[in-house]
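Working notes, beginning with the structure itself.
The values are calculated or read from the model by the stated rules, or taken from the named source; none is laboratory data. What you are looking at is a predicted structure, and each value in this text was computed from that prediction instead of being measured. Note that each Cβ is placed from the backbone with ideal geometry, even for glycine, and that neighbours are counted across all protein chains shown.
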Amino acid sequence: MNYPTIKQLRYFIALVDHNHFGKAAQSCFVSQSAFSVAIKELESVLDSQLVDRTNKSVTVTNIGNETYSKAKEIIHELSKLVEISQGNKMPLTGKLSLGIIPTIAPFLLSKFVFKLQKSHPELELYLHEGMTLNIYEKLISGELDVILIALPYALKNVEFISLFNDKFNLAYKQNSKWINPQKIIHPKDESVLLLEDGHCMRDHALAACNFKNLDKISRYSASSVLTLVEMVKSDIGVTYLPELSLDSYLIKQSGLKIQELENSQFREIGLVWRKGSSRVDEFKLLGEFIKSHK
């Protein structure tokens, strides 16, 4: 009897997650033609049609949905098997895949990755940047071992450790039209620029900075911190930046004025892994290393 390969199952999970052959193939770092062949081979092995294909969309069949759920269970169990073997090794050796969100990655990776690899030369560190929901799903499916994110965030079947608090600071252009230098700085809600929906930093800034009229927040938004900084430099509005970003070249060269907030509003940076992982001690060691090099 022929059985599906791990590669075929991973590809099919990616196809359902992305609902698009091209995007799914790209996420798996293969050509679309090779990806399509693997999906057809999986359907042949299972003797079932898993998806209905049209030029514009992909529709998962009933058997496809069942296969998707079972495939995720299988990959998860395989990940646990690998963890068992990893657990018998010295900590921070072998392969470790770390997911990290884009509002942390450019400001923190440079501070600890090189030192981590130098102090643990047998560690094979693989990095994956993505939005919180994306890397959380990859964590649960077994594609990632551990993720570095901002908390709070609603997560299930995970454990985590808090590493440090990342305070928010008000950032604005010098002599900004939105700021009255003669008064304590409390910008109007309509002047505040934030990242677009989907970025947890937006939600954390909204929660931490106690906005009274959320419907009055500026209609302008950015998809990255870089774009956000450029908008503030153009005096389209003001924003709130995490302390973690302030030492970066991006912020130091921006010429923006930085103002500490009165009540030390912050987001919490934490390291998250699957509940029941056999590599808990290793993840805690990694967390302490990141914390000491932030």
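Screening Pro242 with (1) modelled with pLDDT under 90; (2) touching a Ser or Thr at 6+ places or on another chain (Cβ under 9 Å); (3) under 13 Å from Leu170 (Cα atoms) gives one miss only, at (1). Would you say Glu137 is charged (D, E, K, R) and free of Cβ contacts under 8 Å to residues at least 40 places away in the same chain? Spelling it out, it is not the case that Glu137 is charged (D, E, K, R) and free of Cβ contacts under 8 Å to residues at least 40 places away in the same chain. Under the condition of being aliphatic (A, V, I, L, M) and over 16 Å from Lys7 (Cβ atoms), which residue from region 63-82 is surrounded by the most Cβ atoms within 10 Å (Cβ to Cβ)? In this case the residue turns out to be Ile63. Cys28 meets each of the listed conditions (1) among the hydrophobic types (A, V, I, L, M, F, W, C); (2) in contact with a helix residue (DSSP H, G or I) (Cβ under 8 Å, 6 or more places away or on another chain); (3) over 19 Å from Leu78 (Cα atoms); (4) modelled with pLDDT under 90 apart from (3).
Of the strands (runs of 3 or more DSSP E) lying entirely inside region 136-231, those carrying at least 3 residues that are more than 30 Å from Gly94 (Cα to Cα) and at pLDDT 85 or above are 158-172, 192-195. Might you check whether a residue that is of a type in the set (A, V, I, L, M, F, W, C), more than 28 Å from the chain's Cα centre (by Cα) and either over 30 Å from Arg267 (Cα atoms) or not in a helix (DSSP H, G or I) (or both) occurs anywhere in region 27-41? Yes. Residues of region 1-26 that are in a helix (DSSP H, G or I), among the polar types (S, T, N, Q) and surrounded by fewer than 17 Cβ atoms within 10 Å (Cβ to Cβ): Gln26 alone.
Answer with yes or no whether Leu285 is surrounded by fewer than 19 Cβ atoms within 10 Å (Cβ to Cβ), out of contact with any helix residue (DSSP H, G or I) (no Cβ under 6 Å at 6 or more places or on another chain) and closer than 30 Å to Leu123 by Cα. Considered against the rule, which asks whether it is surrounded by fewer than 19 Cβ atoms within 10 Å (Cβ to Cβ), out of contact with any helix residue (DSSP H, G or I) (no Cβ under 6 Å at 6 or more places or on another chain) and closer than 30 Å to Leu123 by Cα, Leu285 comes out as yes.
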